[in-house]
Amino acid sequence: MTRKRRRLYVLIAALASLGVASALVLVAFQDNLVFFYSPSDLQTKSLPADQRIRIGGLVEAESVMREGLTTRFRVTDTAHSIAVSYTGLLPDLFREGQGVVANGKLGPGGVFIADEILAKHDENYMPPEVADAIKRTGQWKPEGSR
Amino acid sequence: MEAVGTFLAMGGYAAFVWPSYGVAAVILLGLLLASRRRLRQEARALEALESSAALRRRPARREASGTRRPA
Amino acid sequence: MSGLPRAALAATSSAMHRFANPTVALRLADRLMPWSAFLCAGLFMVGLYYALIASPIDYQQRDTVRIMYVHVPAAWMALGVYAMMATASAVGLVWRHPLADLSAKAAAPIGAGFTLICLVTGALWGQPTWGTWWVWDARLTSVLILFFLYLGYMALWQAYDDPGRAARAAAILALVGVVNLPVIKFSVDWWNTLHQPASVFTLQGPKIDPSMLKPLMLMAGAYLAFFVTVLIYRLKAEILARRASVLRRARAES
């Protein structure tokens, strides 16, 4: 075969092996790449008690209670939910039914003590009038969580 | 005038929106100007090389690089 | 091989042969430049008008959504330019096309610039919406890696005296880094990330209101025309620089 064709085959083979190797590495490191655990994950996976972790899900409707600077609420992934306590300022986008990521430790009584709250928003963009119109038709789908 | 104020305020998020557009503008303009400058430099350098190479090829015409004499 | 694919292959091959001649490429570039520059200016003017004035706020992100119009097109260009660089690098390695390596070299700083815009505007958008300037989730981390790949690519060109070896080393890095592109794109689907999933290129179609899709696409067009314009400037400079170094070497040897 010509030298050019041989170079082409070498290149394709090299890229293919690189792709397979990367895929294997990524699959192997799944757990380390997790940015947050869902409330269900906390039930099924056994995590060391005093480890700093992130949990994510939706802010459960009608679960938010503010006592001064401390906010208590529940994070749910529709299958399981967990109680969270956070002292500090909340992001603008934080509200019930909204995605949220909490960084902290599991405390006594199964309450997650968070020292950082991040709001997570979904991929839908629309003007307020369109959102209101959809809500009026009753077709409003709440933010999906993982 | 009030409309300009509202526009600049960006609903209270001015500190995030305007620097975003500013950063994009600075980086893009910077790339454009730097690229044009580099092209000018390379063109000038090549021209200098080509004209001096031409001079070296015709040593008899060294003193009159611009004028032409009938052959 | 049947008729149509063979004809397409022949056409591509003859085009590549023609544009292998730098003079022909330069002439095409000179003809293309005024158009891309004009398009770039026009699209920026119309795009910025729609982005900043003639488009609504978002129902939850309000005016911060306007950052999307400079952030998302930058992300698209960051990925697209790298894909172009990787393709040009492959062409250079396999077919030894003389302009392939130079066009990748010319494109790299522009791609790096788009990636930087994406990272910085992303941080400025993340703070008021998420509540943080940065997180090490899969999307943000892989885009940061892309930025370092661009810088590494540019550094490799400077690392060698012999342009042929520099080109080969840089091309290999560009191709190795290609695995990062699907990671970036699918990071929001494969892993739990803070960054939300895709809004435009989804299996269900765009999840953006048309009034917001318009400024987004206009700015994307402006960024693309910008890339073509600046690429032409840089590629011309590379071609002239190569000619100069050939002349210098000829003089040194004579």
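What to note about this one:
- The reciprocal of the average 1/r between distinct C-alpha atoms defines the Kirkwood hydrodynamic radius, which for region C:123-254 equals 18.6 Å.
- Net charge, B:W18 excluded, C-beta distance under 12 Å - Lys, Arg +1, Asp, Glu -1: 0
- Efficiency of FRET from Cβ geometry, A:V27 and A:Q51, R₀ 25 Å, rounded to 0.05: 0.60
- Two-decimal log10 I(q)/I(0) for the protein assembly as shown, as the Debye equation yields it once each C-alpha is a single scatterer, q = 0.07, 0.12, 0.14 Å⁻¹: -0.49, -1.14, -1.37
- Once the Cα atoms are used to define both axes, helix A:3-28 deviates from the longest principal axis of chain A by about 30 degrees.
- Per-residue average of Cβ from other chains inside 10 Å of C:170-180: 2
- Proximal aspartates and glutamates to A:K105, defined as alpha-carbon separation beneath 13 angstrom and excluding residues fewer than eight positions away on the same chain: A:D50, A:D115, A:E116
- DSSP bridge pairs, chain A: antiparallel proportion in percent, nearest 5: 85
- Which of B:E47, B:E42 has the fewest Cβ neighbours within 10 Å, and the rest in rising order: B:E47, B:E42
- Helix C:22-52 and the longest principal axis of the C-alpha atoms of chain C enclose an angle of approximately 10°.
- With the highest mean first, a sort of the peptides A:16-26, A:71-81, C:69-79 on other beta-carbon atoms found within 10 angstrom per residue produces C:69-79, A:71-81, A:16-26.
- Chain C: proportion of alpha-carbon pairs further apart than 23 angstrom, %: 59
- Within a Gaussian network of chain A (alpha carbon springs, distance under 10 Å), most fluctuating of A:L69, A:L93, A:L118: A:L69
- Averaged over the residues of peptide C:28-41, the number of Cβ atoms from other protein chains lying within 10 Å of each residue's Cβ is 0.
- Global geometry of chain A, whether rounded, prolate or oblate, following the gyration tensor of its Cα atoms and the 1.5 cut on a/c: oblate
- Per-residue Cβ neighbour counts within 10 Å put C:F19, A:F35 in the sequence C:F19, A:F35, beginning with the fewest.
- Ellipsoid equivalent to region C:1-77 - semi-axes via the Cα gyration tensor, in Å: 41, 19, 10
- With Cα atoms, 0 to 90° folded angle of helix C:98-129 axis to chain C main axis: 10
- Counting neighbouring beta carbons within 10 Å and listing from fewest to most, the residues C:Y150, A:Y9 come out as A:Y9, C:Y150.
- At an R0 of 45 angstrom, the distance between the Cβ atoms of C:S13 and C:A54 translates into a FRET efficiency of 0.45.
- Beta bridges per DSSP with both ends in the protein assembly as shown, % antiparallel, nearest 5: 80
- Checking every one of the chymotrypsin sites (Phe, Trp or Tyr not before Pro) in region C:154-198 against DSSP loop status and a limit of 16 other Cβ atoms within 10 Å picks out C:Y160.
- Peptide C:122-133, shielding by other chains (average Cβ, 10 Å cutoff): 6
Read the figures in this text as sums done on the coordinates, not as results from a lab. This is a predicted model, so every value here is computed, not measured. Cβ atoms come from the backbone with ideal geometry, glycine included; neighbour counts cover every protein chain shown.
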